[in-house]
Amino acid sequence: MPSAFQRQRYLIDYSLMALGRRPGKHLGLLAVYTLIVAVLASVMLFSESLRGEARLLLAGAPEVVLQRLEAGRHALMPASYLARIEGLRGVSGVRGRLWGYHYDPFIGANYTLMVPPSDAPLPGTLAIGAGLARSRGLEVGDLLSLRAANGEPYGLKVAARLDTESELLSTDLVLLSEQDFRAFFGIPADHYTDLVLQVRNPREVHTVKEKLNLVFPDSRPILREEVLRTYDAVFGWRQGVVFVILLGSVLAFVILAWDKASGLSAEERREIGVLKAVGWETADIMRMKFWEGAVISLSAFLLGYLLAYLHVFHAGAVLFAPVLKGWAVLYPDFAPLPSVDGLQLATLFFFTVFPYTLATIVPIWRVATRDPDAVMR
Amino acid sequence: MRPSALWLTFVLLSTLLLGLSLLLADREQSAAAERLARGRAMVEQLGLTDLALFTEARYTRHLTQADRFAPFQDHPGALEHFPSGALVAPPNH
């Protein structure tokens, strides 16, 4: 009497040989199945990687940003607000931020110009992001000339190039001195772009937000948790959008797989009849068919996942790059950081392996419980 | 060699590779910890609020700083026309 393991191995042997009788059909099915799993897993891995990185990096974002609005648009913040905010209970620090956008018609890209609160470049010099340096072909020591708000060219010397490892944050950044920033944009000394606040007790952030809403009705506070939530939602939404776009092809595959798995051909019916006639038990036939489904779906899941891992983390997610880049001219050159969510992997396993395997068993159960003579006729 | 032995070897190897990918991801996360810490320090130092993923328009560069209606405020009746707009979630209704 063979052991249970031996018994299953004989059944797997038989199932594999049965699949091998029509190699083209089954290999084709395996290839399409694998591709579908690979695309779904790629979306999952890519989104999870970006979401994780955003979560880790932006955990250092300002606790509260206060923007002033004028006629519904972002307006400059008068420096007089600083003193009024310092007086609010719960606020431990406040400073003005200076940042803005500049469209460079030379390469058709938007830059983010910013004044660092400390260690700012000396007047007349700037530090630029790696993407910008690449696009404009700039090296340290070169002169970058931009058209200032008054229409005059404004030349600044590149003093430093920001790390390529921080491209995801800084690819389009131009860091410059406060003096140059104000002269370039024509912003008066008593105005800032917006304000950032530190709150003494993190649990009081919402109270501080309410106070700000009350005291400064023309302003809009943005909390760090809102920043983090936005990124969580952006990547969740992106994943959802891609899944919806893929839905058509996934459904087409489901129909194909369902038809293949659940529709028994006359030949398969005869085979079951013969097996029953030579003494196979119903349970054995169902186990054999279970292995047929499991061989295809488990192989497709494993191959698909491994392909997705290689695609996203070792081939730079080439399929998704155009979607992410959009119309942007400056795009960060970064490698997604490998991050695999066990729960998502388990979900993918459940939805790719189980339905197909079940779909192969159900119709067999209906046929296998009938009399062999009736099945073969 | 029996077909089952071949398939089981394949499953075993692939599962090992899958496990290895989890371990590798974990290791690369640890290896990137310093880089991420430097990134986070940069975020703290400069007071950054956004990733430079979509640099194509003002309201996509700093997603968290722009209003929901920012894409439509260039002029009355303006339609949102940047591809990234399609990737950003609408508010919950």
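The values are calculated or read from the model by the stated rules, or taken from the named source; none is laboratory data. Model, not experiment: these values are computed from the prediction. Because the Cβ atoms are built from the backbone with ideal geometry, glycine has one as well, and the counts that use them run over all protein chains shown.
Structure summary
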{"item": "Any chance A:LEU113 is in the same structural domain as A:TYR192 (by TED's automatic domain parsing), closer than 22 Å to A:GLY155 by Cα and in a loop (DSSP other than H, G, I, E, B)", "result": "no"}
{"item": "Some residue of region B:37-48 being facing chain A (nearest Cβ under 7 Å) and closer than 27 Å to A:LEU307 by Cα", "result": "no"}
{"item": "A:GLY108, sole failed condition from (1) on the phi < 0 side of the Ramachandran plot; (2) more than 8 Å from every other protein chain (Cβ to nearest Cβ); (3) out of contact with any strand residue (DSSP E or B) (no Cβ under 9 Å at 6 or more places or on another chain); (4) in contact (Cβ under 8 Å) with a residue 24 or more places away in the chain", "result": "(1)"}
{"item": "Residue that is farthest from the other protein chains (Cβ to nearest Cβ), among those in region A:159-190 that are in contact (Cβ under 8 Å) with a residue 60 or more places away in the chain and in contact with a strand residue (DSSP E or B) (Cβ under 6 Å, 6 or more places away or on another chain)", "result": "A:PHE184"}
{"item": "Meets criteria (part of a helix (DSSP H, G or I) and free of Cβ contacts under 8 Å to residues at least 24 places away in the same chain) for A:ILE272", "result": "no"}
{"item": "Residue selected from region A:254-269 under the condition loosely packed, with under 15 Cβ neighbours inside 10 Å and not in a helix (DSSP H, G or I), by the criterion modelled with the highest pLDDT", "result": "A:SER265"}
{"item": "Residue within region A:6-14 that is aliphatic (A, V, I, L, M), within 13 Å of chain B (Cβ to nearest Cβ) and surrounded by 17 or more Cβ atoms within 10 Å (Cβ to Cβ) present", "result": "yes"}
{"item": "Only one of A:LEU45, A:LEU35, A:LEU57, A:LEU82 that is facing chain B (nearest Cβ under 10 Å) and touching a Gly at 6+ places or on another chain (Cβ under 8 Å)", "result": "A:LEU57"}
{"item": "Test: A:TYR192 is surrounded by 13 or more Cβ atoms within 10 Å (Cβ to Cβ), assigned by TED's automatic domain parsing to the domain that holds A:LEU69 and in contact with a Phe, Trp or Tyr (Cβ under 6 Å, 6 or more places away or on another chain)", "result": "no"}
{"item": "Boolean, A:GLY129 is out of contact with any Cys (no Cβ under 7 Å at 6 or more places or on another chain) and without any contact (Cβ under 8 Å) to a residue 12 or more places away in the chain", "result": "no"}
{"item": "Scan of region B:16-42 for residues that are closer than 13 Å to A:PHE313 by Cβ and among the basic types (Lys, Arg), ordered by number", "result": "B:ARG27"}
{"item": "Residue satisfying all of: in region A:27-80; more than 28 Å from the chain's Cα centre (by Cα) and under 22 Å from B:GLN45 (Cα atoms); surrounded by the fewest Cβ atoms within 10 Å (Cβ to Cβ) among these", "result": "A:ALA79"}
{"item": "Options A:ARG200, A:ARG182: the member that is modelled with pLDDT under 90 and in the same structural domain as A:ALA148 (by TED's automatic domain parsing)", "result": "A:ARG200"}
{"item": "Any hit, region A:87-100, residues being among the charged types (D, E, K, R), farther than 19 Å from A:ALA183 by Cα, surrounded by fewer than 20 Cβ atoms within 10 Å (Cβ to Cβ) and at pLDDT below 90", "result": "yes"}
{"item": "Within region A:203-234, considering residues that are at pLDDT below 85 and within 9 Å of chain B (Cβ to nearest Cβ), the one surrounded by the fewest Cβ atoms within 10 Å (Cβ to Cβ)", "result": "A:ALA233"}
{"item": "Qualifying position, being more than 10 Å from chain B (Cβ to nearest Cβ) and on the phi > 0 side of the Ramachandran plot, among A:GLY273, A:GLY316", "result": "A:GLY316"}
